[in-house]
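Undergrad: Got a structure for you, written out below as structure tokens; questions coming shortly.
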Amino acid sequence: MAKDVEDVVEDKETDAEVDVVETQAEEPRSEGRGRGEGRRGRRDRGDREPVEKEFIEKLVKLNRTAKVVKGGRRFSFSALTVIGDRKGKVGFGFGKANDVSEAIRKSIDKAKRNMIHLPVKNGTIPHEVTGLFKASRVLLKPACSGTGIIAGGPVRAIMEAGGVTDVLSKSIGSSSQYNVVKATFDCINKMMDAKTISRNRGKSLNELWG
């Protein structure tokens, strides 16, 4: 199941933060800082306003591999991430590194460079489409308002990131998350844009969409 990137990074760094807190608790209080200054410092940190991100980031898969060397085991991490602006732009990226946060950062950077347009109208996709990648097949169908995102795992993450609120989906064949993501993006690439079709057919958007 896809998770937010910030939650995964915080879980991985919890042990290190606990060690830091315990070390600070053992240190004696400085004589130059009074109780009032400490409260003021905590208040200043609480007054910071949260910065709204341009893209929503979803971690689809985080994998850890180990290489046995002479000195022990050497770990490396790979991350598959999906991002989107909830306005019809989505992308995915795959990154590898020796650290979790670095692998996620690489995958997000690649996803930002490979973003594509997802046609969305009234919270759903314009028409039924099937995407293929190797042994994975993904079927997407438009749904009426109030249906919700009937999908799981990578497909749900991509639809949420793209701003789709109502869609029906079915994943057939291989359940590899990377293959399912590629098959879903194959669906998006096959979707026909209403503006392009209306221009080619010489009709208005109202005549096509109703």
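The values are calculated or read from the model by the stated rules, or taken from the named source; none is laboratory data. Worth saying up front: this structure is predicted, and the values here are computed from it rather than measured. Here the Cβ is made from the backbone with ideal geometry for all residues, glycine too, and neighbour counts use every protein chain on show.
Undergrad: Can you tell me which residue within the range 82-135, out of those that are assigned to a loop (DSSP other than H, G, I, E, B), in the same structural domain as Val164 (by TED's automatic domain parsing) and among the small types (Gly, Ala, Ser), is farthest from the chain's Cα centre (by Cα)?
TA: Looking at the filtered set, the residue picked out is Ala135.
Undergrad: Please name all residue pairs, on different chains or six or more residues apart, with Cβ atoms under 6 Å, provided the first residue is in the range 181-210 and is closer than 18 Å to Leu139 by Cα and the second residue is surrounded by 11 or more Cβ atoms within 10 Å (Cβ to Cβ) and hydroxyl-bearing (Ser, Thr, Tyr).
TA: Final answer for the pair search is Ala183/Ser136.
Undergrad: Continuing with this model, one more query. Identify, from the list Val120, Val155, Val138, Val167, the residue that is in contact with a helix residue (DSSP H, G or I) (Cβ under 7 Å, 6 or more places away or on another chain) and under 20 Å from Asp4 (Cα atoms). Don't jump to the end; show me each part of the working.
TA: Numbers: Val120 fails: under 20 Å from Asp4 (Cα atoms); Val138 fails: under 20 Å from Asp4 (Cα atoms); Val167 fails: under 20 Å from Asp4 (Cα atoms).
Exactly one residue qualifies, and that residue is Val155.
Undergrad: Sticking with this one: Out of curiosity, is Ala79 outside any loop (DSSP other than H, G, I, E, B), surrounded by 14 or more Cβ atoms within 10 Å (Cβ to Cβ) and in contact with a Leu (Cβ under 7 Å, 6 or more places away or on another chain)?
TA: On the way: outside any loop (DSSP other than H, G, I, E, B): yes; surrounded by 14 or more Cβ atoms within 10 Å (Cβ to Cβ): yes; in contact with a Leu (Cβ under 7 Å, 6 or more places away or on another chain): yes.
It is true that Ala79 is outside any loop (DSSP other than H, G, I, E, B), surrounded by 14 or more Cβ atoms within 10 Å (Cβ to Cβ) and in contact with a Leu (Cβ under 7 Å, 6 or more places away or on another chain).
Undergrad: How do the pairs read when you match residues in the range 81-105 that are farther than 25 Å from Ile188 by Cβ with residues anywhere that are of a type in the set (Phe, Trp, Tyr) and outside any strand (DSSP E or B), using Cβ under 8 Å and keeping only pairs 6 or more apart or on different chains?
TA: Cβ pairs passing all conditions: none.
Undergrad: Among (1) closer than 27 Å to Asn63 by Cα; (2) in contact with a strand residue (DSSP E or B) (Cβ under 9 Å, 6 or more places away or on another chain), where does Phe133 come up short?
TA: (2)
Undergrad: State yes or no: is Ile150 touching a Leu at 6+ places or on another chain (Cβ under 7 Å) and either under 13 Å from Pro119 (Cβ atoms) or not aliphatic (A, V, I, L, M) (or both)? Please lay out each step first, then the result.
TA: Working: touching a Leu at 6+ places or on another chain (Cβ under 7 Å): yes; either under 13 Å from Pro119 (Cβ atoms) or not aliphatic (A, V, I, L, M) (or both): no.
Here the answer is no, as Ile150 does not meet what is asked.
Undergrad: Can I ask one more? Report the residue count in the range 153-210 for those that are within 28 Å of the chain's Cα centre (by Cα), closer than 20 Å to Ile116 by Cβ and among the basic types (Lys, Arg).
TA: 4
Undergrad: Tally the residues that are surrounded by fewer than 19 Cβ atoms within 10 Å (Cβ to Cβ) and of a type outside the set (S, T, N, Q), restricting the search to the range 130-141. It would help to see each step written out before you state the result.
TA: First, the residues of the range 130-141 that are surrounded by fewer than 19 Cβ atoms within 10 Å (Cβ to Cβ): 130, 132, 134-135, 139, 141.
If we keep only those that are of a type outside the set (S, T, N, Q) as well, we get 132, 134-135, 139, 141.
Counting residues in the range 130-141 that are surrounded by fewer than 19 Cβ atoms within 10 Å (Cβ to Cβ) and of a type outside the set (S, T, N, Q) gives 5.
Undergrad: (1) of a type in the set (Ser, Thr, Tyr); (2) at pLDDT below 95; (3) closer than 30 Å to Gly123 by Cβ: which one isn't true of Ser107, the others all being true?
TA: Result: Ser107 fails condition (2) only.
Undergrad: Select from the range 172-198 the residues that are within 24 Å of Asn122 (Cβ to Cβ) and modelled with pLDDT of 80 or more and list them in ascending order.
TA: So in the range 172-198, the residues within 24 Å of Asn122 (Cβ to Cβ) come out as 184-198.
Result: Thr184, Phe185, Asp186, Cys187, Ile188, Asn189, Lys190, Met191, Met192.
Undergrad: Let me ask you something else. If you go through the range 76-97 one residue at a time, how many are touching a Lys or Arg at 6+ places or on another chain (Cβ under 6 Å) and either at pLDDT below 95 or of a type in the set (S, T, N, Q) (or both)?
TA: Adding up the residues that qualify gives 1.
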